[in-house]
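The values are calculated or read from the model by the stated rules, or taken from the named source; none is laboratory data. What you are looking at is a predicted structure, and each value in this text was computed from that prediction instead of being measured. Glycine gets a Cβ as well: all are built from the backbone with ideal geometry, and neighbour counts include every protein chain shown.
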Amino acid sequence: MRLTGDVQAVVMAGGKGSRMTDLTAGKAKCLLPVGGLPLLWYPLHMLQCNGFTDVIVIVQDSAKAEVTRIPEKHGLSIKLEVVGIPGQEELGTADSLRRVSDRLTGSDILVVSGDLIMDSEGLRGLTDMHRLNRAALTSLLGPSQPMEGVVVPGSKSTKYKRERDLVGLSGDQMCLFTAEADVEETVRVPPKVLASHPRITVHSGLQDCHLYVMKRWILDYIVADKNISTVKGELIPVVVRKQFSSNISNSGQPSVGDFLPPQSPWEAQSKTRYQCLAYQPPASLLCLRVNTVPLFWLANKGIVAPLLEKAGAPSLGPRSEVGERAQLQETRIGEGSVISNKTSLNQVHVGQGCKVEEKVRITNCIIMDNVTVATGSVLQDCIICDGSSVSGNVKSCIVGRGQEVQGSLSWPEIE
């Protein structure tokens with residue numbers, strides 16, 4: 001759990017995937033397949049590459065057993081302490097941190113979203129910035145993903161709203177942080193902020209990637225203030241704003257200033273009480289949050305291939321069978337799946353326990369676990385969820401969990 005110092009990592013993977021319910025109705029979001037591996041594998045692999053030997057992972061109770069097996073099944077050595085959340089509970093990221101706070105004793109806490117896919121070098125850049133500047137909190141800000149021209153399976157009437165944040169930066173220091181939806185017409189910067197940072201650039205094209213490293217005293221503040229439910233929406237705006245205010249609190253409620261450690265002589269000369277920084281990874285590094293159906297589709301379109309190749313992830317899972325006359329291009333086959341003769345698969349991810357019968361042609365599809373594709377079927381631009389059976393010609397569809405499809409079919413999706 002150490003990264004060349006006293007840093008502890010927590011992976012937040014308890015989200016229900018409310019913006020991608022077509023896929024998560026029967027499968028935990030953190031277990032959705034990306035490049036043939038569970039989505040959660042990616043942040044775990046990133047942590048392992050940066051020297052972490054163990055990590056706390058927060059998941060839904062229903063996924064706890066399967067998440068525990070991820071390292072053994074998918075070639076990771078990192079040890080997991082898996083903490084379950086009852087399915088009926090709705091916990092924000094700050095609520096979840098509060099739940100495991102007694103396990104977090106490091107001087108810095110690294111909070112990682114369970115749906116983040118990023119090259120390991122990006123995490124190193126974030127932690128280096130945090131330490132070199134003795135920051136209180138450092139957040140990863142990545143570019144918003146352009147989705148123009150990306151054709152997604154399913155109903156074309158479905159609208160996927162893109163969240164946008166307004167982030168005011170003076171160099172690397174965050175001086176303003178708010179959701180665009182919370183701003184009516186004018187962005188107002190307090191005079192105290194402008195007094196110490198007269199030149200601030202407000203960005204609307206940066207995305208908070210839910211990757212943070214924070215000092216332990218900020219966690220103490222989260223534990224004390226039960227009104228803080230989320231890190232991004234509630235904690236960060238407060239902590240960013242309080243960089244420029246006095247230590248005095250008359251409200252009787254917990255205040256950020258109540259938890260600040262004594263200042264060093266160097267810090268006492270600073271214009272702010274502490275620093276909240278933003279790290280922007282180089283454009284050459286992969287950085288993607290998979291929290292909508294379009295982003296899930298985009299993640300599976302080959303952009304993770306270099307990362308998987310670097311990690312040595314095999315394209316054929318254990319006990320999988322591929323007929324000698326099967327033709328596979330840019331395709332990954334999961335554990336125990338059978339691909340029969342006289343089949344053609346191009347740009348396909350096949351999950352575990354699937355059966356693809358003879359004379360089947362599949363192009364640009366995601367096939368989840370325990371799916372059967374009958375003889376003579378043709379599938380194109382589809383997502384086929386767990387336990388489904390497909391026989392016929394299916395194009396541009398999302399086939400829901402456990403569905404049986406016969407004959408020709410195109411969008412809207414099957415539910």
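For this structure, a couple of remarks:
- In segment 167-190, residue surrounded by the fewest Cβ atoms within 10 Å (Cβ to Cβ) [restricted to those that are of a type in the set (S, T, N, Q) and farther than 14 Å from LEU277 by Cα]: THR186
- Matching residues in segment 12-26 - criterion: being part of a loop (DSSP other than H, G, I, E, B) and hydroxyl-bearing (Ser, Thr, Tyr): SER18
- Filter result (assigned to a helix (DSSP H, G or I) and loosely packed, with under 14 Cβ neighbours inside 10 Å) within segment 196-232: none
- In summary, no strands (runs of 3 or more DSSP E) completely within segment 329-415 bear 2 or more residues that are free of Cβ contacts under 8 Å to residues at least 12 places away in the same chain.
- Here GLY312 fits the description: surrounded by fewer than 16 Cβ atoms within 10 Å (Cβ to Cβ) and farther than 26 Å from ASP22 by Cα.
Per-residue answers, yes or no, for (1) crowded, with 21+ Cβ neighbours inside 10 Å; (2) closer than 26 Å to GLU66 by Cα:
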site: GLN329; (1), (2): no, no
site: VAL350; (1), (2): yes, yes
site: GLU357; (1), (2): no, no
site: SER377; (1), (2): yes, no
site: VAL399; (1), (2): yes, yes
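- Criterion: charged (D, E, K, R) and at pLDDT 95 or above - qualifying residue of GLU357, GLU330, GLU267, GLU324: GLU357
- Any hit, segment 87-104, residues being touching a strand residue (DSSP E or B) at 6+ places or on another chain (Cβ under 9 Å), crowded, with 23+ Cβ neighbours inside 10 Å and free of Cβ contacts under 8 Å to residues at least 40 places away in the same chain: no
- Checking each residue in segment 335-348 for being of a type in the set (Gly, Ala, Ser) and crowded, with 22+ Cβ neighbours inside 10 Å picks out only SER337.
- All conditions in (1) within 17 Å of LEU31 (Cα to Cα); (2) in the same structural domain as SER120 (by TED's automatic domain parsing) hold for LYS301, with the sole exception of (1).
- Meets criteria (within 30 Å of LEU141 (Cβ to Cβ) and assigned to a strand (DSSP E or B)) for ALA299: no
- VAL193, sole failed condition from (1) surrounded by 14 or more Cβ atoms within 10 Å (Cβ to Cβ); (2) touching a strand residue (DSSP E or B) at 6+ places or on another chain (Cβ under 7 Å); (3) modelled with pLDDT of 85 or more; (4) closer than 27 Å to GLY114 by Cα: (4)
- The sole residue among ILE109, ILE117 that is under 21 Å from PRO38 (Cβ atoms) and surrounded by 22 or more Cβ atoms within 10 Å (Cβ to Cβ) is ILE117.
- Residue match in segment 38-53 (condition: touching a residue at least 40 places away in the same chain (Cβ under 8 Å), among the β-branched types (Val, Ile, Thr) and crowded, with 20+ Cβ neighbours inside 10 Å): no
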